[in-house]
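> The structure's right below; bear with me while I get my questions together.
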Amino acid sequence: MNKGTAVIGFFLCFVTGMGLMFAIDRGKGGASLSAEPTAAAMAADHSSSPIPVTNKDPQVGNADALVTIVQVSDFQCPFCSRVEPTITQIRQKYKPDQVRVVWKNNPLPFHPNARPAADAAMTVFGLGGNDAFWKFHGKVFENQKDMSDANYEKWAVESGVPLDKYKAALAAKKFTSKVDEDLALSRKIGINGTPGFRINGVLVSGAQPLPKFTDVIDAQLKAAQDLIKSGTKKSEVSLALTKTNFTAPEAKPAPSDNGPPAADNTVWRVDVAPDDPQRGPKNAAVTIVEWSDFQCPFCAKVEPTLKQVRDTYKDDVRVVWKDNPLPFHPRAKPAATLARAAYAKGGDALFWKAHDAMYDGQKIEDADLEALAKKLGLDWAGVKAAIDSNKYADHFSKTMDQADSLEARGTPHFFINGVRLTGAQPWESFKATIDAQLAKAKGIAKNGVAPDQVYAEIMKTAKAAGTLDKKDVPPPSKDTPVKGAANGKVVIQEWSDFQCPFCGRVEPTIKQIMDKYGDKVKIVWHNMPLPFHENAGPAAEAAYEVFQQKGSTGFWAFHDKLYGNQQALTRPDLEKTAQELGVDMAKFKAALDSHSHKAAIDADAAAGQKLGVNGTPAFFVNGYFLSGAQPYEKFEKLINVALKE
């Protein structure tokens, strides 16, 4: 997980309802959105609000409700899913004339299914109105693990939208521009992660428990009644309070879509391997080394700019490709494998054909890859076998390790004659850097260096990549759960959180490590329940009590059950799981009631923070730091280094 992802993950990583904003015409051909909003909608139009709400927004509750909750969310975000029951409780607690909920989209870039789901949902809304939208919305969140185009079609029909109309409208992108509008608005109103809420303009961030919401709502209802008593029309109350409460976020320079460029002009030593695909002459004055990912939307976004670079500078520039299939992009590695197979068969020429085809729409499911393989003259059975066996694991590990050593986290990431350029930067950023490096390179060539040796000459004085991050981590105490060999040469100390989705995601990788390295490795558990995970603290205390009663064996059994179902972490769930493992329930309940292990949990977390851990999961492999739910290859590299030591 790169830094940007870790930050998002750390800070954050409905139910059917009949709205009153639209008239629905259900004549021939099915449901369609009436061209004119109802009178109620017109009366409570908040288009003049700093947080605009119009008849283009899905909503539930009365249009003139005293409190408007603008919910900015992402259909694939686990925290957004977790807050949905709380939103349901709010709707049950308050009447429709007290609270309305308005939906706005913020599909995060590292959730590959989020944008397609948002596009599908807005298409359903455009064709079927509020009723259809909330039905579809509920089905997506109920089946978050099964998000796919085929299921969106199925759920659209189940929500009352004719399939032919849905497919035609989606293909024409008839209603999807609303998602782009929502994305732009999210930044303006200070919501960068999901879920985020503005309650009559008051900001509430994250999947907060019900009391956090009701405190704000109750205060707003009181303020609303005061306004009504002073003569404000009911239909204008929420708008007036929003204008009063809203504080615009501090203005900052607009970041690029995937992070700002580095401010310095350090020249880094970036080696080009013989098997790195290249486009352009090897004696080009400027070499652009690109780390990229076939599923990354920002990598696709920068492709037209790279073409403009090639068209403008022609033989003065070569582009070198490096693979960095990010772990949270499940289709990135299969796509990269096909590209490597193309390179193995046809060298640079066939690689770039595969590259260009995959970025043209980024259709990289197995069926898409199979069709492309046949078009390129590749044996699909061989490509599929390479995908399934992770044939190019060593190659990917090598290029990803090189990216890590250069702190080239995230994609796309460029080095232009060694000078870093981060993210999907505009043409102007590339041009400025290329022009500077081109002048420098031509000066070197004038001094007698052969054109094909200019890059090597620049690299001679370039800054070498950093060393591995190693810290002095204290040995684990006896009161810490461990598994694996007692005298294992490699000790992996993990700081984790039972409710964290990234911690759950890394569990199969830990099992893979144990299966391969056996008695060479020992895993040590440390607790770091994050404050915005309301069930993480109780789960950590429960696991610690199981450890006290049943030792490490009992702890890991309890641990595995909690990660087996991270949705079942309430007190009754914890008690049920403990009982299944034969724990003394009287002692167990007493420990949770008295929080007798909280001090130990807090001490564990504090020890991690002292070492620089500020998110979960985090690992120290014989002291070498690894942050986030990294792929197996990242662990393997550090384990092998530790074994050699």
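> Report those helices (runs of 4 or more DSSP H) wholly inside the range 348-409 carrying at least 1 residues which are modelled with pLDDT of 95 or more and surrounded by fewer than 17 Cβ atoms within 10 Å (Cβ to Cβ).
Ranges flagged: 366-376, 380-389.
> Hey, another quick one. Consider only pairs whose beta carbons are under 6 Å apart and that are at least six residues apart or on different chains; among these, list those whose first residue lies in the range 234-263 and is at pLDDT below 50 and whose second residue is surrounded by 15 or more Cβ atoms within 10 Å (Cβ to Cβ) and charged (D, E, K, R).
From the range 234-263, the pairs are 262/420.
> Of the numbered conditions (1) surrounded by fewer than 18 Cβ atoms within 10 Å (Cβ to Cβ); (2) within 24 Å of the chain's Cα centre (by Cα); (3) in a helix (DSSP H, G or I), residue 562 satisfies every one except a single condition; which is it?
Residue 562 satisfies every listed condition except (1).
> Give all pairs with beta carbons closer than 7 Å in which a residue from the range 422-438 that is under 14 Å from residue 299 (Cα atoms) meets a residue that is surrounded by 22 or more Cβ atoms within 10 Å (Cβ to Cβ) and not small (Gly, Ala, Ser); count only pairs at least 6 apart in sequence or on separate chains.
From residues that are under 14 Å from residue 299 (Cα atoms), the pairs are 422/413; 423/258; 423/412; 424/258; 424/302; 424/412.
> Just to check your reading of the model, which residue among 577, 553 is over 22 Å from residue 208 (Cβ atoms), of a type outside the set (D, E, K, R) and out of contact with any helix residue (DSSP H, G or I) (no Cβ under 9 Å at 6 or more places or on another chain)?
One residue alone meets the criteria, 553.
> Could you list all residues from the range 322-347 that are in a helix (DSSP H, G or I) and charged (D, E, K, R)?
Going through the range 322-347, the residues in a helix (DSSP H, G or I) turn out to be 332-347.
Once the filter is applied, which keeps residues that are in a helix (DSSP H, G or I) and charged (D, E, K, R), the range 322-347 yields 333, 340, 345.
> Let me ask something else about it. Restricting to the range 540-559, name every residue that is among the acidic types (Asp, Glu) and over 29 Å from the mean Cα position of the chain (by Cα).
Of the range 540-559, the ones among the acidic types (Asp, Glu) are 541, 545.
Scanning the range 540-559 gives a single hit, 545.
> Could you check the range 277-296 and list, in sequence order, the residues that are crowded, with 19+ Cβ neighbours inside 10 Å and not in a strand (DSSP E or B)?
Of everything in the range 277-296, those that are crowded, with 19+ Cβ neighbours inside 10 Å and not in a strand (DSSP E or B) turn out to be 277, 280, 284, 285, 293, 294, 295, 296.
> How many residues, within the range 215-241, are of a type in the set (Ser, Thr, Tyr) and either outside the structural domain of residue 90 (by TED's automatic domain parsing) or farther than 16 Å from residue 100 by Cβ (or both)?
The number of residues fulfilling the criteria is 2.
> Out of the range 47-77, which residues are in a strand (DSSP E or B) and more than 30 Å from the chain's Cα centre (by Cα)?
Correct list: 67 only.
> Out of all the residues in the range 281-296, which are modelled with pLDDT under 95 and out of contact with any Leu (no Cβ under 8 Å at 6 or more places or on another chain)?
Listed by number, the residues that qualify are 282, 283.
> I've got another one for you. Being closer than 21 Å to residue 330 by Cα and not aliphatic (A, V, I, L, M) is the filter here, so list the residues in the range 107-141 that pass it.
Passing the criteria: 107, 109, 110, 111, 112, 113, 115, 116, 119, 141.
> For the range 61-75, check the following and say yes or no: at least one residue is modelled with pLDDT of 90 or more, crowded, with 17+ Cβ neighbours inside 10 Å, of a type in the set (Asp, Glu) and more than 28 Å from residue 163 (Cα to Cα).
Within the range 61-75, one or more residues are modelled with pLDDT of 90 or more, crowded, with 17+ Cβ neighbours inside 10 Å, of a type in the set (Asp, Glu) and more than 28 Å from residue 163 (Cα to Cα).
> Inspect the range 459-470 for any residue being among the small types (Gly, Ala, Ser), surrounded by fewer than 14 Cβ atoms within 10 Å (Cβ to Cβ) and within 13 Å of residue 417 (Cα to Cα) and give the result as yes or no.
First, pick out the residues of the range 459-470 that are among the small types (Gly, Ala, Ser): 462, 464-466.
Going one step further and asking which of them are surrounded by fewer than 14 Cβ atoms within 10 Å (Cβ to Cβ), we end up with 464, 466.
Subsequent filtering for residues that are within 13 Å of residue 417 (Cα to Cα) retains none.
Checked the range 459-470: no residue is among the small types (Gly, Ala, Ser), surrounded by fewer than 14 Cβ atoms within 10 Å (Cβ to Cβ) and within 13 Å of residue 417 (Cα to Cα).
The values are calculated or read from the model by the stated rules, or taken from the named source; none is laboratory data. All figures in this text were calculated on a predicted structure; none of them were measured in a lab. Reconstructed Cβ throughout: ideal geometry from the backbone, glycine too, with neighbour counts over all protein chains shown.
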